[in-house]
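Structure first, then comments.
The values are calculated or read from the model by the stated rules, or taken from the named source; none is laboratory data. What you are looking at is a predicted structure, and each value in this text was computed from that prediction instead of being measured. Please note: Cβ atoms are built from the backbone with ideal geometry, for glycine as well, and neighbour counts cover all protein chains shown. Surface accessibility is based on the protein's heavy atoms, side chains included, excluding ligands, DNA and RNA. Shrake-Rupley method; radii C 1.70, N 1.55, O 1.52, S 1.80 Å.
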Amino acid sequence: MKLDTRAMRHLTAEDWKVLAAVEQGSKNHELVPVPIIERFSRLKGGSSLVSKCISTLAKTSLIAKMKEAKYDGYRLTYGGLDYLALHTHSQKKHIYSVGTRVGVGKESDIMLVADHTGAQQILKIHRLGRISFRTVKTNRDYLKKNASGSWMYLSTLAARKEYAFLSALHSAGIPVPTPIAHSRHTIVMSLVDAPPLRQISSVPDPAALYASLIELYLRLAKHGLIHGDYNEFNILIREDISTNPETGTEEITLVPVVIDFPQMISMEHVNAEMYFDRDINCIKIFFERRFHFKPTTPGPFYKDVKKTVGRDGFERLDATLEASGITKKMAKDLEAAIRQHEEEKLQNPEAFEPSDDEEDDEDEDEDEEDKEGEETNTDEKEKEEQPSIVIGFQSPSES
Ligand code: ADP
Ligand code: MG
């Protein structure tokens, strides 16, 4: 699914109202009947104006009919939800223009955007449920019967959870992007001008960097949190330059900035220890492979770290979800979808590779909206990136 904003500027105020009406109707109808769209859109022009808008929106694939529908109705497409979120961000002056895509996975699109002052920011569009549940039959059946499996619900939940944690962590002084805004399945945050660890081929002191990654992880734990996907893709490495007051020389410190929080769990979670160990191992394996660095001491161990939760004045943040209105049932649905997604990724990694064939993303059983992915872009195929960035070394002229 690509974000194609070209049609946005051609939509009239009435089109937007009708699109919002389809979204509103989707809360109670899988396929929103036309009379309900008319009622929710509250347009003075009556049904002929509404049908004109419907036709524009359907042509632009922002709404779609379903195959074998028993009545005349429409549902929102991925594109429709994207437009509504962008429209909100734009009205609140958080986004003025949308630029290139910086990251693409099957769970999200990461876009470079700018606000009206020209400041660059990141828009993360969650796409959970886009291809999940497709390879495992039982879940497909579950998905069909259960609205809690729908992509719109899951992606919106993922964004809500991520924004809640981003805000909480940012307030607690953890190095994360600055949260800016949230709408539906999207969040806007500051652009961190730092490469992911994955792209870094060499650092002056791997032991020091390793220590800072572990220290950051243990800080999260003191707040009661386990990241759950703490790896070289989700840790950006920033170079902070300062002047040593004694020697007057410039010093470079590598500061890890952590991102990607939809899978975050509490240190109290039943499987906390497993996720804790998995995260720590991920970092260890990466440091050994990339920098040939092996820590001399074992651990850290969950059992010991558990005792530090809430200590040293660290505010517990694992209740952030409830505080942000995400119910236990919602949290469970989201967790199930994320775990399912992880399992499927392990079983069938190719299905999760970014591909040219975007049509493949859509759920083939559902409807005709799949047309929206027709255009393909060969640039998009993510090449296996080679680590190329050397970071943290003083340049000869500075030292
Ligand atoms: P996903 O859930 O798909 O893994 P992430 O939030 O991890 O999405 O983002 C994917 C990639 O996009 C990251 O590995 C990073 O390279 C880039 N990215 C995401 N957020 C930011 C940000 N705020 N600043 C800079 N780069 C970012
Ligand atoms: Mg990620």
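Observations
- T253 being more than 23 Å from the chain's Cα centre (by Cα), outside any loop (DSSP other than H, G, I, E, B) and of a type in the set (S, T, N, Q): yes
- Matching entry among L86, L81 (being open to solvent by less than 50 Å² (accessible area, probe 1.4 Å) and more than 18 Å from R9 (Cβ to Cβ)): L81
Conditions (1) more than 14 Å from G73 (Cα to Cα); (2) in contact with an Asp or Glu (Cβ under 6 Å, 6 or more places away or on another chain); (3) in contact (Cβ under 8 Å) with a residue 24 or more places away in the chain, marked per residue:
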residue	(1), (2), (3)
L3	yes, yes, yes
A7	yes, no, yes
T12	yes, no, yes
E30	no, no, yes
I37	no, no, yes
R42	yes, no, yes
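- Within the range 199-250, the residues that satisfy the criterion of being within 16 Å of ligand 2 (Cβ to nearest atom) and part of a loop (DSSP other than H, G, I, E, B) are H227, G228, D229, Y230, N231, E232, F233, N234.
- Pick from the range 183-198, criterion part of a loop (DSSP other than H, G, I, E, B) and of a type in the set (A, V, I, L, M, F, W, C), ranking: most open to solvent (accessible area, probe 1.4 Å): L191
- The residue list I122, I95 contains one member that is buried (at least 19 other Cβ atoms within 10 Å of the Cβ), of a type in the set (V, I, T), at pLDDT 95 or above and within 16 Å of ligand 2 (Cβ to nearest atom), which is I122.
- Yes/no for S183 being outside the structural domain of A20 (by TED's automatic domain parsing), polar (S, T, N, Q) and away from ligand 1 (no atom under 16 Å from the Cβ): yes
- Remark: L209 falls outside the filter, which requires a residue to be modelled with pLDDT of 95 or more, within 14 Å of ligand 1 (Cβ to nearest atom), open to solvent by less than 10 Å² (accessible area, probe 1.4 Å) and over 19 Å from K303 (Cα atoms).
One line per residue, one yes/no per condition, for (1) modelled with pLDDT under 95; (2) among the aromatic types (F, W, Y):
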position	(1), (2)
H269	no, no
R278	no, no
I283	no, no
F286	no, yes
H292	no, no
P298	no, no
K303	no, no
R316	no, no
A319	yes, no
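- Each residue in the range 276-294 was checked for being open to solvent by 30 Å² or more (accessible area, probe 1.4 Å), in a helix (DSSP H, G or I) and among the hydrophobic types (A, V, I, L, M, F, W, C), and 2 pass.
- Of the residues A158, A172, the single one that is modelled with pLDDT of 95 or more and over 15 Å from K124 (Cβ atoms) is A172.
- Selection status of I226, buried (at least 20 other Cβ atoms within 10 Å of the Cβ), without any contact (Cβ under 8 Å) to a residue 40 or more places away in the chain and touching a helix residue (DSSP H, G or I) at 6+ places or on another chain (Cβ under 8 Å): no
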